[in-house]
Amino acid sequence: MPETAPGPSERAEPSVVVLLTEQPVEGPDAERVLALHEGEDLVYRVLVPADTRRNVLTEVVDRLSLAHWGEAVEAVREGGRRDAQTARAEASAVLGTTVSALRALGRDADGVITDDDPVPALEAAVQQHGAREVVVVTRPHAVEETFHRDWASRAREVLGVPVLHTYAGTGRVG
């Protein structure tokens, strides 16, 4: 008997990829993320932390390691605490831009804003959606990455799925 295509109720739900980012994923960054799964029917769940607590020393060292002198000075000026309303507004803008960019490239995407530490929300999202993998997009964080305290390293410790770490604005993988 010839095989028939599955009916609407028999179609498998698309696989989920969770995307954790601290800055907008658009343009070439969005294209690189989607190219990882070209030709697959996937749903992207985007998580963006509302970063209200920063380690000033770590932020300054990260900026200096990239020779971003002005950003290092700005990190010192801002200090370690950020206004929660400002942090949520910035996270909302990152979320909106990222989801819009993924949708503009023809993908199903939605997302949420998380607390300062996104790893617990990441773990919950992977379990809730049965995600098959996680993609973390950040700028380089020299101190955290050296000591494996960055989001991707921490996620690898607790999740049972592959975690890919890419750097925004580059083709580099961490």
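If ARG63 satisfies all but one of (1) surrounded by 14 or more Cβ atoms within 10 Å (Cβ to Cβ); (2) modelled with pLDDT of 65 or more, what's the number of the condition it fails?
Among (1) surrounded by 14 or more Cβ atoms within 10 Å (Cβ to Cβ); (2) modelled with pLDDT of 65 or more, ARG63 violates only (2).
Quick check: anything in segment 109-119 assigned to a helix (DSSP H, G or I) and either modelled with pLDDT under 95 or not basic (Lys, Arg) (or both)?
Yes: segment 109-119 contains one or more residues that are assigned to a helix (DSSP H, G or I) and either modelled with pLDDT under 95 or not basic (Lys, Arg) (or both).
The values are calculated or read from the model by the stated rules, or taken from the named source; none is laboratory data. What you are looking at is a predicted structure, and each value in this text was computed from that prediction instead of being measured. Glycine also receives a Cβ, built like all others from the backbone with ideal geometry; neighbour counts cover every protein chain displayed.
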